[in-house]
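Student: Supplied in structure tokens, the structure appears directly below.
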Amino acid sequence: MSQIHHYTLTWQCPDTSGVLAKVTQNLFEHGAFITETSQYSDPYSNTFFSRIAFDDRNLTVSIEEFILAIDILARPLNMQYQLTNKECFPKVVIAVSKYDHCLVSLLTKCKAGVLPIEIVAIVSNHVDCQSLVEWHGIPYHYLPVNKDNKSQQEADILNIIKDTDAELLILARYMQILSDDLCTKLNGNAINIHHSFLPSFKGAKPYHQAHARGVKIIGATAHYVTADLDEGPIIVQEVKPINHVFTIEQMVHLGHDLEATALCHAVKMHAERRICLNGDKTVILA
């Protein structure tokens, strides 16, 4: 018995009557065995979003012919789509500075097989995490940065992404602001964790800002990177209740757990092709 391969088709197009039926009918005609579906029709952007998981147990054509059939179907529907083999984990590069709590969570979950990614490189402007990364057998690239070499340092990061064929850059508490040019080049392919519940308390020391305002919840936000600092499309937000007795230090420690959880959740959904960009927002096809 031949091995069954599993695929995910994530797509979006202008919303018109019957678009879902046309796509599922096309899959049926070529023998795709659908195992999971989710969809959303946005009444504001008039866009239809869908994610369909299927396997090839009954496929009547080769996967190359199947892709061609989807491509032919997509043109008149003005449909953007991504078809991926679920067994082929996306390659990612992680950028980190000194704080390692998010990096540790990503490494641990990846090693445990619960995070469907392949970590191909770690880049950092510090050496603090080098021994940890090398213990995991992952290449570590020490790329110090200052105002004089920022352009070259970012070019080095891009080269590492290209050389490793990585599709995603994860900013795991990478305490550097990316240039507008790099943000543009990585549009939709870079995820940042912000140690606050955006859109409140952007920029530096958000926990200090939150403490000064006497907030009653503390949070962390994973979002796609854009040139507008901490304003990219939000993917995941995690929160915990607090009160007036919490010190700044306690808020920071609690926040570390929230940051790691939110970032891993966002990366997992990206890897599973559950996220669609919808202007300044995201659609999560759970």
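Student: DSSP beta bridges in the chain, what fraction antiparallel, as a percent rounded to 5?
Tutor: The antiparallel proportion sits near 70 percent.
Student: State to the nearest 20 debye the size of the charge dipole of the chain about its Cα centre, where the only charges are +1 on K and R beta carbons and -1 on D and E beta carbons.
Tutor: Approximately 680 debye in magnitude.
Student: On to the next question. Name the residues whose placed amide hydrogens come within less than 5 Å of the amide hydrogen of Gly232, ignoring near sequence neighbours (fewer than 5 apart) on the same chain.
Tutor: Thr226
Student: Quick one: compute a quarter of the convex hull surface over the Cα atoms of the chain and quote it in nm².
Tutor: That works out to 17.3 nm².
Student: Still on this structure, please answer the following. Say the cut-off is 19 Å between C-alpha atoms; which of Lys86/Lys268; Lys111/Lys162; Lys91/Lys281 go over it?
Tutor: Result: Lys111/Lys162; Lys91/Lys281 exceed 19 Å.
Student: How large is ³J(HN,Hα), in whole Hz, for each residue of the stretch 265-277 in order, when computed from phi with the Karplus curve 6.51 cos²θ - 1.76 cosθ + 1.60 and θ = phi - 60°, using x for Gly and Pro?
Tutor: Once θ is set to phi - 60°, the couplings for the stretch 265-277 become 5, 5, 5, 4, 5, 5, 5, 8, 6, 9, 10, 10, 6 Hz.
Student: Can you tell me how the stretch 1-124 classifies by the Cα gyration tensor, rounded, prolate or oblate, using a/c under 1.5 as the rounded cut?
Tutor: It is oblate, given that a/c is not under 1.5 and a/b is not larger than b/c.
Student: So, counting K/R as plus one and D/E as minus one, what does the shell of residues with Cβ under 12 Å around Ala222 add up to?
Tutor: -1
Student: Using Cα positions and a limit of under 21 Å, work out the lysines in reach of Lys98, with same-chain residues fewer than 8 apart set aside.
Tutor: Within the straight-line cut-off, Lys98 pairs with Lys109, Lys147, Lys150, Lys202, Lys205.
Student: Roughly what angle does helix 101-111 make with the longest principal axis of the chain, taking Cα atoms, 0 to 90 degrees, to the nearest 10?
Tutor: 40
Student: Helix-derived [θ] at 222 nm for the chain: sum -39500 (n - 2.57) over DSSP H runs of at least 4, divide by residue count, nearest 500?
Tutor: -10500 deg cm²/dmol
Student: For the Cα atoms of the chain, what angle does the longest principal axis make with the long axis of helix 19-29, in degrees from 0 to 90, nearest 10?
Tutor: 60
Student: Further, regarding this structure: Computed over the Cα atoms, what is the radius of gyration of the stretch 118-263 divided by 2.2 N^0.38 Å, N being its residue count?
Tutor: 1.11
Student: Please compute the contact order of the stretch 6-85 in relative form: average sequence separation of alpha-carbon pairs under 8 Å and at least six residues apart, divided by the residue count, as a percent.
Tutor: Worked out over the stretch 6-85, it gives 47 percent.
Student: Further, regarding this structure: What is the Cα centroid distance between the stretch 222-273 and the stretch 6-84, reported in whole angstrom?
Tutor: Computed from Cα coordinates, the inter-centre distance equals 32 Å.
Student: Are there any GluC sites (Glu not before Pro) in the stretch 181-281 that are in a DSSP loop and have at most 16 other Cβ atoms within 10 Å? List them by number.
Tutor: Answer in residue order: Glu231.
A short reminder: the numbers here are calculations on the coordinates, not readings from a lab. This structure is a prediction, so every number in the text was calculated from the model and none was measured. Positions of Cβ are generated from backbone atoms using ideal geometry, with glycine treated the same way; all protein chains shown enter the neighbour counts.
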